[in-house]
1. Report the Cα centroid-to-centroid distance between region 312-377 and region 409-438 in angstrom, as an integer.
2. Ignoring ligands, DNA and RNA, how do H457, H44, H180 rank by accessible area with a 1.4 Å probe, largest first?
3. At 1.4 Å probe size, with every protein chain present, just tell me what the per residue accessible area of region 73-389 comes to in Å².
4. With θ set to phi - 60° and the Karplus curve 6.51 cos²θ - 1.76 cosθ + 1.60, what are the ³J(HN,Hα) couplings of region 489-494 in order, to the nearest whole Hz, using x for Gly and Pro?
5. What are the aspartates and glutamates whose alpha-carbon lies under 18 Å from the alpha-carbon of K33, with same-chain residues fewer than 8 places away excluded?
6. What is the chain's relative contact order, in percent, from Cα pairs under 8 angstrom and six or more apart in sequence?
7. Scan around K285 for amide H atoms under 5 Å from its own, H built in the peptide plane at 1.01 Å from N, and keep only partners 5 or more places away or cross-chain.
8. Any of K124/K244; K112/K421; K124/K431; K274/K312 with alpha carbons more than 29 Å apart? Name them for me.
Amino acid sequence: SFIFIQDFSKAMSQAGSSQFQEVIRQELEYSMKVELDKILATAHSNEIEHTKKDLEGFKKLFHRFLQEKGPSVDWGKIQRPPEDSIQPYEKIKARGLPDNIASVLNKLVVVKLNGGLGTSMGCKGPKSLIGVRNENTFLDLTVQQIEHLNKSYNTDVPLVLMNSFNTDDDTKKILQKYSHSRVKIYTFNQSRYPRINKETLLPIAKDVSYSGENTECWYPPGHGDIYASFYNSGLLDNLIAEGKEYIFVSNIDNLGATVDLYILNHLMNPPNGKRCEFVMEVTNKTRADVKGGTLTQYENKLRLVEIAQVPKAHVDEFKSVSKFKIFNTNNLWIALSAIKRLQEKNAIDMEIIVNPKTLDGGLNVIQLETAVGAAIKSFENSLGINVPRSRFLPVKTTSDLLLVMSNLYSLNAGSLTMSEKREFPTVPLVKLGSSFTKVQDYLRRFESIPDMLELDHLTVSGDVTFGKNVSLKGTVIIIANHGDRIDIPAGALLENKIVSGNLRILDH
């Protein structure tokens, strides 16, 4: 095998003749096949079937990875989407709701992407089990929302969780607590793919096990894997047999992604009589969202373009808020029959995302991933809907967590809505420093969550703690320099203040 080629892509660009490139490609594919066969040979009889499916899927992805050259979009072909291809939410809402909304709801399945761990926030286990509001986790809130729908309309909307091998066991344990709730909950697992050594392009796993020292050898290949693994699990067919027609897919950490009856009605009863197979909710970019994927027109199809696909020379243009005004919230509505049709024809085309990682021991690996929204171009009659920002409320950091725990939002039946007492609808900009990165540190530093109704901007850096009942208004900047500590006393009101240096109020 061609181990001596230090960097495959460099070799490819230097190798002039396409014939030589083809030889290298075939060699690499052959070496990969040999390694994957060795791994499969270590599987127990009860694992063989799904391991085989996983490795077949990976082989396809690896084959495409070797074929592709450079950024996957030709910048010259990118056009603004036509006017009617992205509808304003107001227009869809203005149609109102039919009397038989329950029969429309009964055609819906809610799918939450639940493959992620809470590691970026310093937590072990599934991210969906982090407490977000009054002891409720992301998963609790999701179940409450759907239960509220089912009770209000006397319907049977099920919840489906797409887990990864990282989150499956912990999630299944916790699901027992919802056994009496009025929501049927199903789970299926996304695939498990081998990470590959960046230099040799061979798997670093030697066998199928993924516990102990082997945990770093495998990864879940991004949420684009939903189509194949949903189909392979058999769940897709079962739901179609039950008369379900659409799934609403979103990230479990997006607290704004609730079932929207107006969008659902638009799908089931389209004004022009022609149903959409794929709807992507987009929302207007702010300066904070410049890296978000955007919808464009490309070769007469709506297409999601992510920053990783953009040629270097055009990245600034891609980030411009004036040219590309919207970004993908990853709230998607997709027809089940279309997923089945495309999956059976092997016709779902998603760009490959090459995600480089450095493992704890210093080894450089790459993992090949795909994104669920990238498949929009494979579906018929797709549509973007420009929704209010309130439908995009992701909790990626403790800064986000502070916002959703605060009095900026009120909680009703599992749904967070912006408090009516807030005078303007935008969310304050919050930046908490590295002392707040981990959830447990963050919680330790707030005796209670401050009143933030009139806050515009908060920056906190260094060793800072907040007493009970603090109020923050306007722009507040608190900076404790290295070695200093700032304790904001209980009951303090900070309005348009910069606090720096050392501030400790001691009880006497």
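The values are calculated or read from the model by the stated rules, or taken from the named source; none is laboratory data. This structure is a prediction, so every number in the text was calculated from the model and none was measured. Every residue, glycine among them, receives a Cβ derived from its backbone with ideal geometry; neighbour counts consider all protein chains shown. The area values use the complete protein model at the heavy-atom level, side chains included, leaving out ligands, DNA and RNA. Shrake-Rupley method; radii C 1.70, N 1.55, O 1.52, S 1.80 Å.
1. Centre-to-centre distance over Cα atoms comes out at 28 Å.
2. Values: H457 50, H44 125, H180 180 Å².
So the residues, ranked largest to smallest area, are H180, H44, H457.
3. Details: 13180 Å² over 317 residues.
Solvent-accessible surface per residue comes out at 42 Å².
4. Taking θ as phi minus 60°, the curve returns x, 4, x, 5, 10, 10 Hz for region 489-494.
5. Qualifying aspartates and glutamates at Cα under 18 Å: E22, E49, D54, E56, E199, D207.
6. On the way: 943 pairs, mean separation 77.3, N = 508.
For the chain, the relative contact order is 15 percent.
7. Residues meeting the criterion, in which the H sits 1.01 Å from N, are I326, F327.
8. On the way: K124/K244 35 Å; K112/K421 31 Å; K124/K431 23 Å; K274/K312 39 Å.
Distance filter (> 29 Å) returns K124/K244; K112/K421; K274/K312.
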